[in-house]
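Reading through the structure tokens given below for one structure.
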Amino acid sequence: MAAGRLDRRGGNVSLGSKSLIVVGNGHATTFSGVIGGSVPAAFPSLAVLGGTLTLTGANTYAGRTQVGDGVNADSGKLVAANTSGSATGSGAVVVERGGTLGGGGFIDGPVTLRDGGTLAPGDPVTLTLQSSLTWDGFGLIRLVLGADDAGSDHLVVESLVRGASGPFVFELIDAGIVGGTTYSLLQFNSLIGFVASDFAIFGAGVAGNFSLVDGAIAFTAAMPEPPAAALFMLGLLGIAWFVRRSRAQPARDMH
């Protein structure tokens, strides 16, 4: 088992049956090489327990990947930034409490989002999970929404599976949300256990409704409430119109 901060920028890393544990202490590292290896006996092949690790290569290690230590907030972030293959090899990926999985790359193995873990693609990108996503209650999916669906974050998964009890929370970041616009938040080929009412929303000033439409969890942003000053002016105009009409009515009745 190896521990430390992965600071190589390229080349290949062969783990064999050992584990690589990244404890970045707030550092950010991008690794563009290839990490290979077999399945360790007990530990993950890769555990990101601190800092931010960005993987841009098509990695081949076979063991599981752990993001976050399961206890502490902000205890590790893994960014999948590959354009081919799988950033996390072929094994399962578990996003534990305090961990964040993001990026706009591709992940082959099944992903589990635990209570207290976060999926947060980026701004705006699409993170593609080519196997299943098992979403446990109190796990958070954070997406940035722009003026339209094309300018917003997305998740694409092969199958979405309901895990431990909810709530199942989307944190939606307002980057120009337009009321009445429908956003396709999470696309799936199969859905197991979820209904539209399972989903909750968190986000300053963001409101709307969830639906399951055409293989996706969709969110339709609410129309903004008119400001109080505008409502007051509309009220005054209404009163003025009524008074004017009332005054004109006797004159018409005389003819």
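The values are calculated or read from the model by the stated rules, or taken from the named source; none is laboratory data. On a predicted model such as this, the values are computed, not experimentally measured, just so you know. Reconstructed Cβ throughout: ideal geometry from the backbone, glycine too, with neighbour counts over all protein chains shown.
If the condition is being farther than 15 Å from Ser75 by Cβ and of a type in the set (Lys, Arg), then segment 97-144 contributes only Arg142. Here's a check for you: in segment 55-80, which residue that is in a loop (DSSP other than H, G, I, E, B), farther than 16 Å from Gly33 by Cβ and among the aliphatic types (A, V, I, L, M) is nearest to the chain's Cα centre (by Cα)? Per the stated criteria, the residue is Ala73.
For Thr134, the conditions (1) farther than 30 Å from Ala58 by Cα; (2) at pLDDT 95 or above; (3) surrounded by 15 or more Cβ atoms within 10 Å (Cβ to Cβ) all hold with the exception of (1). Of Gly105, Gly179, Gly99, all but one fail to be touching a strand residue (DSSP E or B) at 6+ places or on another chain (Cβ under 6 Å) and farther than 29 Å from Ala58 by Cα; the exception is Gly179.
Every residue, every condition in (1) touching a residue at least 40 places away in the same chain (Cβ under 8 Å); (2) more than 25 Å from Asp174 (Cα to Cα), yes or no:
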| site | (1), (2) |
| --- | --- |
| Ala47 | no, yes |
| Gly63 | yes, yes |
| Val67 | yes, yes |
| Gly99 | yes, no |
| Gly103 | yes, no |
| Val125 | no, no |
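Thr134 meets the conditions (1) among the hydroxyl-bearing types (Ser, Thr, Tyr); (2) farther than 30 Å from Asn12 by Cα; (3) not in a strand (DSSP E or B) in every case but one. The failed one is (3).
Quick check: anything in segment 3-20 out of contact with any Phe, Trp or Tyr (no Cβ under 8 Å at 6 or more places or on another chain), surrounded by fewer than 23 Cβ atoms within 10 Å (Cβ to Cβ) and under 21 Å from Glu171 (Cβ atoms)? The answer is no; no qualifying residue exists.
Take Val157 and tell me if it is assigned by TED's automatic domain parsing to the domain that holds Ala218 and crowded, with 20+ Cβ neighbours inside 10 Å. Talk me through it step by step, then tell me what you get.
Working: assigned by TED's automatic domain parsing to the domain that holds Ala218: yes; crowded, with 20+ Cβ neighbours inside 10 Å: yes.
So Val157 fits the description; yes.
Scanning segment 21-46 for residues that are at positive phi and of a type in the set (S, T, N, Q) yields a single hit, Asn25. In segment 192-201 there is no residue matching the filter, namely being acidic (Asp, Glu), surrounded by fewer than 20 Cβ atoms within 10 Å (Cβ to Cβ) and out of contact with any strand residue (DSSP E or B) (no Cβ under 7 Å at 6 or more places or on another chain).
When Phe170 is tested against (1) part of a strand (DSSP E or B); (2) more than 12 Å from the chain's Cα centre (by Cα), just one condition goes unmet, and that condition is (2).
Restricting segment 184-202 to residues that are of a type outside the set (A, V, I, L, M, F, W, C) and out of contact with any Phe, Trp or Tyr (no Cβ under 9 Å at 6 or more places or on another chain), the residue that is nearest to His154 (Cα to Cα) is Gln187.
Of the residues making up segment 35-54, those that are assigned to a strand (DSSP E or B) and aromatic (Phe, Trp, Tyr) number 0. Residues in segment 43-80 that are aliphatic (A, V, I, L, M) and farther than 17 Å from Gly109 by Cβ: Leu49, Val71, Ala73. On the stretch given as segment 102-119, residues that are within 14 Å of Gly68 (Cα to Cα) and not small (Gly, Ala, Ser) total 7.
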